[in-house]
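**Student:** I'd like to ask some things about the structure below.
Only the coordinates and a few stated rules stand behind these numbers; no lab work does. This is a predicted model, so every value here is computed, not measured. A quick note on method: Cβ atoms are made from the backbone with ideal geometry, for glycine too, and the neighbour counts reach across all protein chains shown.
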Amino acid sequence: MGTRTFANLDEAEQFMESEFIGTERQKHFNLDVIEQERKRISKIMTDHHAQTETRIGRVTDFAFRIADEGEGRVDEVMDDLRDGRISAREAAKQLAAAKRDLNRIAKEVTDSQTAEERAWSEVNRTPSEYRRDVARRFPALFSGGRNQITLSTSDDD
Amino acid sequence: MSYGSGSSSVNGTVSERSAALREQAAAERQYAENRRQEMAGRDKSPTGIVRGRYQFDEAKGRLGGLNRKIDSAIDEVAEAFKREAALAEADKATRADDARRAPVLENRKAVS
């Protein structure tokens with residue numbers, strides 16, 4: 001009895017479909033190994049996407065709050081200016097600060113949109129494709145035989 | 001106890017309760033249908049992840065509105081700057097005029 005290791009799910013599946021020689025018990029064991037790995041990767045993908053959703057939700061919520069509060073703040077500054085409570089210089093200073101905040105959050109919204117598109121393209125794949133992408137981006141995770149899929153066979157090797 | 005009278009002392013008449021139940025069932029069906037339609041329009045990954053709907057455009061629109069408001073306020077502040085400068089100029093001219101007519105007013109240590 002031996003084992004075979006595979007770098008990815010589709011290779012392991014291919015092996016089970018066309019090359020596997022072993023007992024029924026080994027076959028069940030191997031299919032369960034593949035299924036568990038598929039579930040594990042699917043969960044990682046779901047968590048990955050959920051984290052992005054949370055981060056994006058925070059940015060858009062913040063943008064709406066900045067827009068609401070910013071409008072009120074501009075009104076206050078202009079009222080203070082018209083009523084002579086602040087000088088034009090002070091009003092300009094406060095408006096410039098508001099504009100800086102606005103530009104910062106506007107950039108964050110744009111960046112989030114890009115991040116969402118990237119995150120979606122990363123998870124809009126099969127678990128096997130996702131696993132392969134991760135291996136390409138983070139080879140250290142899979143180096144030295146780590147994170148391989150090990151199946152049982154009746155081979156001697 | 002009569003069941004044929006069509007009334008209940010607990011919570012309205014039987015027909016009222018039936019109507020409320022029908023209304024609730026209709027609302028639940030409507031909710032399910034709305035939810036189905038909402039989900040139907042969304043992208044779904046091979047593993048069943050549903051792509052979220054984000055309010056990027058709405059957020060950008062609101063921030064754009066604020067940007068226009070700030071720009072308009074800045075224009076108004078620029079006008080205020082001009083007014084303040086004109087007033088300061090007028091004040092300076094008045095003081096210069098006073099100084100020319102009565103130099104002693106500008107020099108408090110002067111002995112008249």
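**Student:** Provide the gained length on full extension for the span A:LYS39 to A:SER154, in nm with one decimal, where the gain is 0.36 nm per separating residue minus the Cα-Cα distance. Each step should come with its number before you reach the end.
**Tutor:** On the way: separation 115, 0.36 × 115 = 41.40 nm, distance 2.60 nm.
Here the segment from A:LYS39 to A:SER154 would lengthen by 38.8 nm.
**Student:** By how many degrees, between 0 and 90 and to the nearest 10, does the Cα long axis of helix A:127-137 differ from the longest principal axis of chain A?
**Tutor:** In chain A, helix A:127-137 runs at an angle near 70 degrees to the longest axis.
**Student:** Put a dot 7 Å past each Cα toward the Cβ at A:GLN14 and B:ASP71; how far apart are the dots in nm?
**Tutor:** 5.6 nm
**Student:** Let me check against my output: what whole-number percent is the relative contact order of chain A, with C-alpha pairs under 8 Å and at least 6 apart? Intermediate results must be reported in sequence, preceding the final value.
**Tutor:** On the way: 122 pairs, mean separation 91.4, N = 157.
Relative CO of chain A lands at 58 percent.
**Student:** If you don't mind, another one. If you fit an axis through the alpha-carbon atoms of helix A:9-18 and take the longest principal axis of the Cα set of chain A, what angle between them do you get, 0 to 90°, nearest 10?
**Tutor:** Orientation of helix A:9-18: about 30 degrees from the principal axis.
**Student:** Sticking with this structure for a sec: Given the C-alpha centroids of the range A:51-120 and the range A:1-26, what is the distance between them in whole angstrom?
**Tutor:** 56 Å
**Student:** Take A:PHE6, A:PHE138 and order them by how many other Cβ atoms sit within 10 Å, fewest up front.
**Tutor:** Numbers: A:PHE6 19, A:PHE138 11.
Taking fewest neighbouring Cβ atoms as first place, the list is A:PHE138, A:PHE6.
**Student:** Report, to the nearest 10°, how far helix A:88-123 tilts away from the longest principal axis of the Cα atoms in chain A, using its own Cα long axis and a range of 0 to 90°.
**Tutor:** 20 degrees
**Student:** Let me confirm one metric for peptide A:70-76, namely the mean number of other chain beta-carbon atoms within 10 Å of its residues' beta-carbons. Mind dumping the intermediate values first?
**Tutor:** Details: counts 7, 5, 0, 3, 6, 2, 0.
So the per-residue partner count for this stretch is 3.
**Student:** Helix-only estimate, please: 222 nm mean residue ellipticity of chain A, summing -39500 (n - 2.57) across DSSP H runs of length 4 or more and dividing by its residues, to the nearest 500.
**Tutor:** Numbers: 4 runs with 116 residues, N = 157.
Result for chain A: -26500 deg cm²/dmol, rounded to the nearest 500.
**Student:** Can I ask one more? How large is the dipole of the protein assembly as shown about the Cα centre if only Lys and Arg carry +1 and Asp and Glu carry -1, each at its Cβ, rounded to the nearest 20 debye?
**Tutor:** Details: 47 positive and 50 negative charges, 169 e Å.
Roughly 820 debye for the protein assembly as shown.
**Student:** According to a simple spin-label model (label point 7 Å from Cα along Cα-to-Cβ), what is the distance in nm between A:ASP75 and B:ALA93?
**Tutor:** That separation, rounded to one decimal, is 3.9 nm.
**Student:** Mind checking which of A:THR54, A:ALA88, A:ALA106 is farthest towards the positive end of the range A:1-110's charge dipole, using Cβ charges of +1 (Lys, Arg) and -1 (Asp, Glu) about the Cα centre?
**Tutor:** Going by the Cα projections, it comes out as A:ALA88.
**Student:** So, one more: How big is Rg to Rh over the protein assembly as shown, alpha-carbon atoms, Rh as the Kirkwood inverse-mean-distance radius?
**Tutor:** On the way: Rg = 35.9 Å, Rh = 26.7 Å.
My calculation of the ratio gives 1.34.
**Student:** What value in Å³ per residue do you get for the convex hull of the alpha-carbon atoms in the range A:22-157?
**Tutor:** Details: hull volume 16.2 nm³, N = 136.
Given the Cα convex hull of the range A:22-157, per-residue volume reads 119 Å³.
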